[in-house]
Amino acid sequence: MDLLKKINNKWIKKFSYPLIISGPCSAENEKQVIKISKELNKSYVEVFRCGIWKPRTKPGLFEGSGEKGLKWMIKAKKETGLLLATEIANKEHIKLALKYKIDILWIGARSTCNPFTIQEISDNLKNCNNIILIKNPLNLDINLWIGAIERLVKNNIKNIGIIHRGFSILNNSKYRNQPCWLEVLKFKNKYPNIPIICDPSHISGNNKYIYEISKKAINFGYDGLMIETHNNPEKALSDSLQQITPKKLTEILNNILLKKKIIKKHLIKLEIYRNNINEIDENIINLLKNRFISSKEIGKIKKKYKIDYLQKKIMKKLKDNYKKLCKKLNLDEFLIQRIFEEIHKKSIEIQMK
């Protein structure tokens with residue numbers, strides 16, 4: 001039996017639609033936590049999120065406030081009535097989060113990538129009744145995501161949802177992480193019983209894209225949004241570019257939810273596939289850029305050692321490889337040949353310069 005089919009969505013039905021989770025990337029100090037929680041529009045936001053432990057790429061950066069931040073969150077809950085959410089990544093995090101009665105725990109993308117980490121989290125959450133949300137892994141590996149969810153289900157964790165925060169594919173995309181909407185929506189269609197939250201902040205990496213990503217997620221039928229807010233985003237100690245003020249959040253939600261138009265299903269499907277084509281085209285362009293950078297370096301070596309720019313044997317070998325690949329993938333051989341002829345012409349031109 002498919003374990004993911006056992007998951008029910010009763011917990012999400014207790015919230016308004018869509019569920020809005022918001023708050024700072026990091027809990028920096030008590031004043032900041034309380035201020036943001038009070039400024040959030042309660043007619044939209046039902047859950048206050050804060051990062052307490054921050055996984056940073058390099059050591060020495062702000063890595064979160066730790067246990068004292070949980071105390072600030074509890075105070076915010078008493079003053080606002082908002083439920084609380086934070087990220088957990090190990091046994092100690094879970095112990096403290098449950099001690100302070102944090103309502104929603106989410107598992108970050110870096111943790112989802114590691115089955116050992118997920119198993120440790122799952123074992124320490126066994127029979128837990130809290131809501132547990134699992135972010136997609138960093139790389140586009142849906143099976144890794146499914147495996148993480150299965151580990152939780154096996155430990156009798158029932159209130160499960162997922163968070164779509166985008167995937168690390170190419171660094172030159174306009175977004176911090178590519179949405180890859182089509183792949184996530186395939187997952188959503190296969191498991192409509194699993195609530196799905198979109199994280200526009202981590203997809204975009206830039207607050208100017210929060211609105212467009214949030215709007216798409218709602219149009220695509222997502223159950224909620226998790227958006228990072230800060231009272232002074234420019235001075236945030238982590239992810240300052242992707243955070244917005246609580247006031248800006250209200251503006252965005254007003255524009256999406258109060259002015260929401262009913263879009264026909266076939267038009268939504270068209271938008272999904274158009275988005276997929278746009279993402280693929282962007283990847284192709286970025287790959288071409290990297291290819292031409294390599295061509296330039298090859299040109300330097302050829303010039304230094306007086307090697308002919310046009311290597312006919314190598315060209316023939318490449319063409320033969322393309323033919324084989326086209327047959328394997330059932331692609332138009334003539335079309336691919338024409339495309340690569342133009343690419344090779346440009347590469348030779350770059351080398352000769």
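Numbers at a glance
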read-out	value
Residue check, Asn255 in contact with a Leu (Cβ under 9 Å, 6 or more places away or on another chain), farther than 19 Å from Ser37 by Cβ and surrounded by fewer than 18 Cβ atoms within 10 Å (Cβ to Cβ)	no
Matching residues, segment 259-276, being more than 17 Å from Cys180 (Cβ to Cβ), among the basic types (Lys, Arg) and free of Cβ contacts under 8 Å to residues at least 12 places away in the same chain	Lys259, Lys261, Lys264, Lys265
Filter result for Leu83 (surrounded by fewer than 19 Cβ atoms within 10 Å (Cβ to Cβ) and in the same structural domain as Lys235 (by TED's automatic domain parsing))	yes
Subset of segment 173-189 (residues that are of a type in the set (Ser, Thr, Tyr) and more than 13 Å from the chain's Cα centre (by Cα))	Ser173
In segment 130-147, residue surrounded by the most Cβ atoms within 10 Å (Cβ to Cβ) [restricted to those that are closer than 22 Å to Pro200 by Cβ and touching a residue at least 40 places away in the same chain (Cβ under 8 Å)]	Asn136
Residues within segment 1-13 that are of a type in the set (D, E, K, R) and either exposed (fewer than 10 other Cβ atoms within 10 Å of the Cβ) or part of a loop (DSSP other than H, G, I, E, B) (or both), tallied	2
Hey, Leu310 part of a loop (DSSP other than H, G, I, E, B), surrounded by 10 or more Cβ atoms within 10 Å (Cβ to Cβ) and modelled with pLDDT under 95 or not	yes
Sole exception among (1) in a strand (DSSP E or B); (2) at pLDDT below 95 for Gly161, by number	(2)
Condition met for Ala27 (in a loop (DSSP other than H, G, I, E, B), surrounded by 15 or more Cβ atoms within 10 Å (Cβ to Cβ) and either touching a Cys at 6+ places or on another chain (Cβ under 9 Å) or at pLDDT 95 or above (or both))	yes
Residue list for segment 223-243, restricted to those being buried (at least 22 other Cβ atoms within 10 Å of the Cβ) and either among the basic types (Lys, Arg) or not in a helix (DSSP H, G or I) (or both)	Gly224, Leu225, Met226, Ile227, Glu228, Thr229, His230, Gln243
Pairs where the first residue, in segment 277-303, is part of a helix (DSSP H, G or I) and the second is hydroxyl-bearing (Ser, Thr, Tyr), C-beta under 7 Å, 6+ apart	Glu282/Ser173; Phe292/Ser347; Ser295/Ser347; Lys302/Tyr309
Scan of segment 136-185 for residues that are of a type in the set (Lys, Arg) and under 24 Å from Glu271 (Cβ atoms), ordered by number	Arg165, Lys174, Arg176
Sole residue being surrounded by fewer than 15 Cβ atoms within 10 Å (Cβ to Cβ) and in the same structural domain as Thr112 (by TED's automatic domain parsing), chosen from Asn172, Asn155, Asn159	Asn172
Residue pairs meeting the criteria (Cβ under 9 Å; at least 6 apart or on separate chains; first in contact (Cβ under 8 Å) with a residue 40 or more places away in the chain and under 12 Å from Arg176 (Cα atoms), in segment 203-214; second hydroxyl-bearing (Ser, Thr, Tyr) and part of a helix (DSSP H, G or I))	Asn207/Ser201; Ile210/Ser201; Ile210/Ser204
So Ile94, is it more than 20 Å from Asn159 (Cα to Cα) and outside any loop (DSSP other than H, G, I, E, B)	no
Flag for Thr112 being within 19 Å of the chain's Cα centre (by Cα), crowded, with 23+ Cβ neighbours inside 10 Å and under 18 Å from Cys25 (Cβ atoms)	no
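Okay, residues lined up against (1) under 30 Å from Met352 (Cβ atoms); (2) assigned by TED's automatic domain parsing to the domain that holds His344; (3) among the small types (Gly, Ala, Ser):
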position: Ser240; (1), (2), (3): no, no, yes
position: Thr245; (1), (2), (3): no, no, no
position: Lys269; (1), (2), (3): no, yes, no
position: Ile272; (1), (2), (3): no, yes, no
position: Glu282; (1), (2), (3): yes, yes, no
position: Leu287; (1), (2), (3): yes, yes, no
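Residue-by-condition table, conditions (1) under 29 Å from Ser238 (Cα atoms); (2) of a type in the set (D, E, K, R); (3) part of a loop (DSSP other than H, G, I, E, B); (4) touching a Cys at 6+ places or on another chain (Cβ under 7 Å):
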residue: Leu182; (1), (2), (3), (4): no, no, no, no
residue: Lys186; (1), (2), (3), (4): no, yes, no, no
residue: Ile197; (1), (2), (3), (4): yes, no, no, no
residue: Ile210; (1), (2), (3), (4): yes, no, no, no
residue: Ile218; (1), (2), (3), (4): yes, no, no, no
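The values are calculated or read from the model by the stated rules, or taken from the named source; none is laboratory data. The model shown is predicted, which means the values in this text are computed figures rather than measured ones. Every residue, glycine as well, gets a Cβ built from its backbone with ideal geometry; the counts of neighbours run over all protein chains shown.
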